[in-house]
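See below for the structure under consideration.
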Amino acid sequence: MVKVMGIAVVVVLAGVLIFAATKPRTFRVQREIFIKAPAAKIFPLINDFHQWQAWSPYENLDPAMKRTFSGEPLGKGAVYAWAGNHLVGQGRMEITNSNLPSKIVVQLDFDKPMKASNISEFTLESQGAGTKVTWAMYGPNRYLHRVMGVFFSMDKMVGKGFETGLASLKAVAEK
């Protein structure tokens, strides 16, 4: 009986590892929202890391989070590093591209709880009386992340945060 259970565990584990190997080597999570405000009003809220506390869903996960701002005060070259509890971990963001009023690209590097480097991109597209804002994150999908992806949906986990953040951005921009 123990031998059969051991074989079953090995077969299931091998199945999970093989299935994970078939998952894509890159990922992309994206959400969008329509904001009744011009892109020129929304852009500064994203382009200045000091403004993120007003709308980012990750800012309130750890009230004691340590924040460090360096580099340029805003736009290309602005840097924001953080260190916090297990919910926010530790990492660094740097704006690598800032094209007023349509696009901001951020290099996003996580150190904890797991090392990862991704790109976060905000696109602002004027539409009539407002702006469609798209928040996307993409990057390599390392094998360990693909194994975790068998059990957890990154799109659902990260996407939910993006939805919350975009709703907060909308509330701030429409004031």
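Numerical summary
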quantity: Burial ordering of His86, His50, His145, fewest other beta-carbon atoms within 10 Å first; calculated: His86, His50, His145
quantity: Overall form of the chain per C-alpha gyration tensor (a/c, 1.5; a/b vs b/c); calculated: prolate
quantity: The range 61-175: relative contact order as a whole-number percent, Cα under 8 Å and 6+ apart; calculated: 13
quantity: Relative exposure of Tyr80, Tyr58, judged by other C-beta atoms within 10 Å (fewest first); calculated: Tyr58, Tyr80
quantity: Sites Ala14 and Asp109, calculated FRET efficiency, Cβ-Cβ separation with R0 30 Å, nearest 0.05; calculated: 0.35
quantity: Cα-based helix-to-principal-axis angle, 2-21 vs the chain, degrees rounded to 10; calculated: 30
quantity: Reachable lysines, given that their alpha-carbon falls under 20 Å from the alpha-carbon of Lys160 and they are not under 8 places away in the same chain; calculated: Lys132, Lys170
quantity: Over the range 1-80, relative contact order from alpha-carbon pairs under 8 Å, at least 6 apart, %; calculated: 19
quantity: Candidate lysines - alpha carbon under 21 Å from Lys66, same-chain residues fewer than 8 apart omitted; calculated: Lys112, Lys115
quantity: Alpha-carbon centroids, the range 109-175 and the range 35-71: separation in whole Å; calculated: 14
quantity: Length-normalised contact order of the range 108-147 in % [C-alpha pairs under 8 Å, at least 6 apart]; calculated: 32
quantity: Cα→Cβ-extended label distance, 7 Å offset, between Leu87 and Met5, nm; calculated: 3.8
quantity: Candidate lysines for bridging to Lys23, where Cα separation is under 18 Å - those fewer than 8 sequence places away on the same chain excluded; calculated: Lys156
quantity: Between 0 and 90°, nearest 10: helix 154-173 axis offset from the chain longest Cα axis; calculated: 10
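Readers should treat all values here as calculations from the given coordinates under stated rules, not as data from a laboratory. Quantities reported herein were computed from a predicted structural model and do not represent experimental measurements. Using ideal geometry, Cβ is built from the backbone for each residue, glycine included, and neighbour counts are taken over all protein chains shown.
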